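Working notes for the structure below.
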Amino acid sequence: MTFMDDSYDLNMAAAALRSNSSDLRLLLRTLSEELSDTLGDRLKSQHGGGRFRKSEEISSLQIALANNLFEASLEGATLRCTLGHVSGGIRIRSETLDVNVWLLKLLEALRDEAAHSDAARLALENIVIGGTT
């Protein structure tokens, strides 16, 4: 079985990523670090802190893949996750998702992109199997 086989269980991968990053700040940082090179300007992160002092902690992520906009933002001790559907550059609808469902949908979108991008394949492997970070 290779990594990209259909038999690879993304549900288990999402659960593993979530359990390995039980700290929500660590989860956002891990996603940001693993995807930044692959996605370039399709990944936007916002750091915490005030106007004069930026924190290294990431307070929100925005990831554009295909016709989807994945957004996750820390609101106190809660991670608010939304998935927006885009057509012609305009968001046509958004839905709020549980973090586990959001992760699964993000990994599915990465898997789809990995079918034609070696960089996306490597990023996906690093996220779900464990890589350089």
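The values are calculated or read from the model by the stated rules, or taken from the named source; none is laboratory data. Here the structure is a predicted model, which means the values were calculated and not measured. Don't worry about glycine lacking a Cβ; one is built from the backbone with ideal geometry, like all the others, and counts go over all protein chains shown.
Would you mind telling me which numbered condition in (1) touching a helix residue (DSSP H, G or I) at 6+ places or on another chain (Cβ under 8 Å); (2) at pLDDT below 90; (3) closer than 19 Å to E108 by Cα E57 fails?
(3)
Search segment 58-74 for residues that are on the phi > 0 side of the Ramachandran plot and of a type in the set (S, T, N, Q) and pair each with any residue that is outside any strand (DSSP E or B) and modelled with pLDDT of 95 or more when their beta-carbon atoms are under 8 Å apart and the residues are at least 6 apart or on different chains.
none
Can you run down the residue pairs with Cβ atoms below 8 Å, 6 or more apart or on separate chains, where the first is in segment 75-90 and within 12 Å of Q62 (Cβ to Cβ) and the partner is in a strand (DSSP E or B) and at pLDDT below 90?
Pairs that qualify, where the first residue is within 12 Å of Q62 (Cβ to Cβ) and the partner is in a strand (DSSP E or B) and at pLDDT below 90, are G84/R91.
Out of (1) over 21 Å from D41 (Cβ atoms); (2) surrounded by fewer than 17 Cβ atoms within 10 Å (Cβ to Cβ); (3) modelled with pLDDT under 90; (4) of a type outside the set (V, I, T), what's the single condition that is false for R93?
The one condition R93 does not meet is (3).
Go through segment 20-38 and give me each residue that's of a type in the set (G, A, S) and at pLDDT below 85.
S21, S22, listed by residue number.
So how many residues does segment 95-117 have that are touching a residue at least 24 places away in the same chain (Cβ under 8 Å) and not in a helix (DSSP H, G or I)?
Initially, segment 95-117 is screened for residues touching a residue at least 24 places away in the same chain (Cβ under 8 Å), giving 99-100, 102-115, 117.
If we keep only those that are not in a helix (DSSP H, G or I) too, we end up with 115, 117.
Residues meeting the conditions: 2.
What residue, among those in segment 105-117 that are at pLDDT below 85 and aliphatic (A, V, I, L, M), is nearest to T30 (Cα to Cα)?
By that ranking, first place goes to A114.
Please state which of the following conditions A120 fails to meet, knowing it meets all the rest: (1) crowded, with 19+ Cβ neighbours inside 10 Å; (2) modelled with pLDDT under 90; (3) assigned to a strand (DSSP E or B).
(3)
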